[in-house]
Amino acid sequence: MIEIQFWWLVVLPLFFGLGWLAARVDIKHVIAQSKSLPSAYFKGLNHLLAGETNKAIEVYVDIAKNNEETIELQFTLGLLFRRRGELERAIRMHQKLLARRDLTESQKEHAQLELAVDFIKSGLFDRAENLLHELSQTNAAKEARVELLAIYQQEHEWQKAIEIAEQLRDESHTYQHEIAQFNCELAAAALVRKQEDQAQAYLENALNTHRQCVRARIMLGEILYGQQQYQAAIDQWLQIEAQDEACISLIARHLLNAYEQLGRINEGIDLLQRFLQRYPELDVVDLIYEQIIARQGVDAAHQFVRERLRDAPSMPGLRKLLEAHLLVAPDDQKPEIELIGKLLHDNTREHTMFYCRECGFKTRQFFWHCPGCNGWETYSPIRGKKRKHAE
Ligand SMILES: [Zn+2]
């Protein structure tokens, strides 16, 4: 009995000692973690802010190795991999996350959404589409629909895009521009198949969704023009003034052609000149200049561009004036005028391009759908101008 009590006297303090040691080790570990983690996070963040994604990834991979349980960190890494274009690594990271059993419902939905985006970026649309459809009854339904809409636009599945956009409509975003444009895309495809009635129906849908849809108006006029209904085409196109006057530039040449077909070209030229007086920025000076040269000669054309430059001074106007000046100037002045014209041309190239107001993407051709940012109706119809978007 005495012996046992003696043993307890030895063992008990030992247990206490071990417990104390264990607790101490644990506390030390926790303190070390709480101290090291934030500083490492900030280090990573600093790299991110400096645009050094590679260095940020190194830091975060390192943290993740020692903190496998940190779910949010794995999401961050997945995003970073994707941003750096390492899509396979992003996919693996999000698949690993999705396989975990300790995720909350919303973390699971988030991981599934991120994985779908990885698949979209990799061009694996079918796999993305399946994942996104599975999310349609969850709290992530809206985000999933936004991604589905991106897929359908990339795949030119305009009917499906319309359905999704209808579901996404709310007060903050009506999607009326987009839905009208999707209908215009359907109309364009119908025209390729020579189904004009079908195309007209899509264009009417476009205008019912968005009364100011200039593209639908332009296309309706083009169908009528193709059917040799020139006056009806003109009537369609003249409505563009009330929709968005800057877009008259887009249809000016067609408009003149229609007047020419009716044997009333002068009426067309007068009309364009009146538009130009009302909207001095309109991109129709070249067209009118061309017509005046052909019909009234270089002196009248020269006079026209001089007046234009006086009323609305601009670099393209000045270039045009030099071009006209070259035609009427004495021979000994021509080399200088040519030189000035060339210098001006080289230094004002940006005035000849169309710009996207969202991403600044510039192109020689006008687009309804920006190839840079995939935005709709983000291009100004006036060359060299970055126009604000009218909702
Ligand atoms: Zn853009």
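The values are calculated or read from the model by the stated rules, or taken from the named source; none is laboratory data. None of these values were measured; they are calculated from a predicted model. Every residue, glycine as well, gets a Cβ built from its backbone with ideal geometry; the counts of neighbours run over all protein chains shown. With ligands, DNA and RNA removed, areas are computed over all heavy atoms of the protein, side chains included. Shrake-Rupley method; radii C 1.70, N 1.55, O 1.52, S 1.80 Å.
A Förster distance of 51 Å, applied to the separation of the beta-carbon atoms of residue 270 and residue 154, puts the FRET efficiency at 0.70. In this structure residue 357 has an accessible area near 70 Å², from a 1.4 Å probe over the protein heavy atoms. Taking the chain as a whole, the Cys residues whose C-beta sits 4.7 Å or farther from every other Cys C-beta are 184, 213, 247.
Taking every protein chain into account, the 1.4 Å probe leaves residue 109 with about 20 Å² of accessible area, to the nearest ten. Using a cut-off of 27 Å between Cα atoms, the listed pairs 96/121; 55/385; 142/194; 342/385; 43/142 include 55/385; 142/194; 43/142 as exceeding that distance. Label separation (residue 295 vs residue 146): 5.2 nm, computed from points 7 Å beyond Cα along the C-beta direction. When a/c reaches 1.5 or more, the comparison of a/b and b/c decides; with that in mind, is region 174-283 rounded, prolate or oblate per its Cα gyration tensor? Verdict is oblate for region 174-283. 222 nm [θ] for the chain, helices only, -39500 (n - 2.57) per DSSP H run of 4+, per residue, to 500? About -23500 deg cm²/dmol. Of the residues 47, 313, 203, the one whose Cα sits farthest towards the positive end of the charge dipole of the chain is 47 (charges of +1 on Lys and Arg Cβ, -1 on Asp and Glu Cβ, taken about the Cα centre). For residue 320, the aspartates and glutamates whose Cα falls under 18 Å of its own Cα, not counting residues fewer than eight places away in the same chain, are 281, 283, 286, 290, 299, 307, 311, 336, 338, 346, 350. Rounded to the nearest whole angstrom, the semi-axes of the ellipsoid equivalent to the chain, taken from the Cα gyration tensor as √(5λ), stand at 67, 29, 14, largest first. Averaging Cα coordinates gives a centre for region 246-274 and one for region 157-209; these two points are 28 Å apart.
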